[in-house]
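Trainee: The structure follows.
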Amino acid sequence: MKVIGLIGGMSWESSVEYYRIINKEVKRRLGGLHSAKCLLYSVDFHEIERYQSEGAWGKAGEVLGNAARSLEKGGADFILICTNTMHKVIGDIQSKINIPILHIADATVAQIKVKGIKSVGLLGTRYTMEEDFYKSRLEFNGIQVIVPNDNEREIINKIIYEELCLGKIHQKSRDYYKKVIQGLIESGAKGIILGCTEIGLLVKPEDSNVSLFDTTYIHAFEAVNMSLK
């Protein structure tokens, strides 16, 4: 079993899900008392969020790169960045280590292709929805990406940072996400990417009339595949 290195804490609410999903899946596949071999480096999200809001992505990349290097020194065989947004600085992180990083968007693309879907709606932080670092990996694989409008993106982002990252789950916010999802479907989306690792805490499969791609589950499952390969 390969050792999984997790860079978590962004937020720790979703990092808990990574740990739970990975260990549950290892136990399901191997049975008995089996659990995953993994290391978790949990950063202080307050620091990372401040760098995000200031546009100091290089500083954020340095913090996460140092975390990745610590995981490599600790014996990790590969790395997961347990957040979609911080894949913006994956190059900075990779430059500090000699082990691979399992990209969350690439794992998601693979699952979308299994479903044969060519157009998806993308929910996430405003960085993920608006910038190319994430969408371009989908579009490169022939998948059309549809994002909510400006006002919707602002509210979606606010709910992530002011509620979900703090463990607050509100029905009003779930209803809002469902409304946005329906709008994306009406705009041509045949599937919906939950492109922030906290959104799956709020939105469930029954909240959408098309397939949901929960990036937390997809990323964690692919980590198990790599670990047991």
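The values are calculated or read from the model by the stated rules, or taken from the named source; none is laboratory data. The structure displayed is predicted, hence computed values, not measured ones. With ideal geometry, Cβ positions are generated from the backbone for all residues, glycine too; neighbour counts draw on all protein chains shown. Just so you know, the surface numbers come from the protein's heavy atoms only, side chains and all, with ligands and any DNA or RNA stripped out. Shrake-Rupley method; radii C 1.70, N 1.55, O 1.52, S 1.80 Å.
Trainee: Take the range 35-46 and flag every residue that is farther than 14 Å from Ala220 by Cα and surrounded by 14 or more Cβ atoms within 10 Å (Cβ to Cβ).
Mentor: Tyr41, Ser42, Val43, Phe45
Trainee: Looking at the range 64-99, which of its residues are over 18 Å from the mean Cα position of the chain (by Cα), of a type in the set (A, V, I, L, M) and open to solvent by 20 Å² or more (accessible area, probe 1.4 Å)?
Mentor: Within the range 64-99, just Ile99 meets the criteria.
Trainee: Just checking, how many residues over the range 1-25 are out of contact with any Cys (no Cβ under 9 Å at 6 or more places or on another chain), part of a helix (DSSP H, G or I) and more than 18 Å from Asn84 (Cβ to Cβ)?
Mentor: So the count comes out to 3.
Trainee: Restricting the range 110-140 to residues that are aliphatic (A, V, I, L, M) and more than 17 Å from Arg153 (Cα to Cα), which is most open to solvent (accessible area, probe 1.4 Å)?
Mentor: Filtering the range 110-140 for residues that are aliphatic (A, V, I, L, M) and more than 17 Å from Arg153 (Cα to Cα), the one most open to solvent (accessible area, probe 1.4 Å) comes out as Val114.
Trainee: Related question: Scan the range 144-155 for residues that are crowded, with 18+ Cβ neighbours inside 10 Å, of a type outside the set (D, E, K, R) and either out of contact with any strand residue (DSSP E or B) (no Cβ under 6 Å at 6 or more places or on another chain) or at positive phi (or both) and jot them down.
Mentor: Pro148
Trainee: Let me ask something else. For Ala107, all conditions in the list (1) within 21 Å of Ile199 (Cβ to Cβ); (2) of a type in the set (Gly, Ala, Ser); (3) surrounded by fewer than 19 Cβ atoms within 10 Å (Cβ to Cβ); (4) in contact (Cβ under 8 Å) with a residue 40 or more places away in the chain hold save one; what is the number of the exception?
Mentor: It fails just one condition, (3).
Trainee: Among (1) farther than 23 Å from Asp214 by Cα; (2) assigned to a helix (DSSP H, G or I), where does Gly32 come up short?
Mentor: It is condition (2) that Gly32 fails.
Trainee: Next question, about the same structure. For the subset of the range 156-174 comprising residues that are open to solvent by 30 Å² or more (accessible area, probe 1.4 Å) and touching a Leu at 6+ places or on another chain (Cβ under 7 Å), which member is nearest to Ile193 (Cα to Cα)?
Mentor: Arg174
Trainee: Additional query: Checking Glu49 against (1) surrounded by 13 or more Cβ atoms within 10 Å (Cβ to Cβ); (2) among the charged types (D, E, K, R); (3) over 17 Å from Gln94 (Cα atoms); (4) over 18 Å from the mean Cα position of the chain (by Cα), which test does it fail?
Mentor: (4)
Trainee: Going by what's in this entry, would Tyr177 be described as within 29 Å of Gly5 (Cβ to Cβ) and among the aromatic types (Phe, Trp, Tyr)?
Mentor: Here the answer is no, as Tyr177 does not meet what is asked.
Trainee: Can you tell me which residues in the range 183-200 are part of a helix (DSSP H, G or I) and crowded, with 22+ Cβ neighbours inside 10 Å?
Mentor: Once the filter is applied, which keeps residues that are part of a helix (DSSP H, G or I) and crowded, with 22+ Cβ neighbours inside 10 Å, the range 183-200 yields Leu184, Ile199.
Trainee: Could you run through the range 206-224 and say how many residues are in a helix (DSSP H, G or I) and within 17 Å of the chain's Cα centre (by Cα)?
Mentor: Residues in the range 206-224 being in a helix (DSSP H, G or I) and within 17 Å of the chain's Cα centre (by Cα): 10 in total.
Trainee: Turning to a different aspect of this structure: Of the residues Leu80, Leu71, Leu64, which is aliphatic (A, V, I, L, M) and not in a helix (DSSP H, G or I)?
Mentor: Leu80
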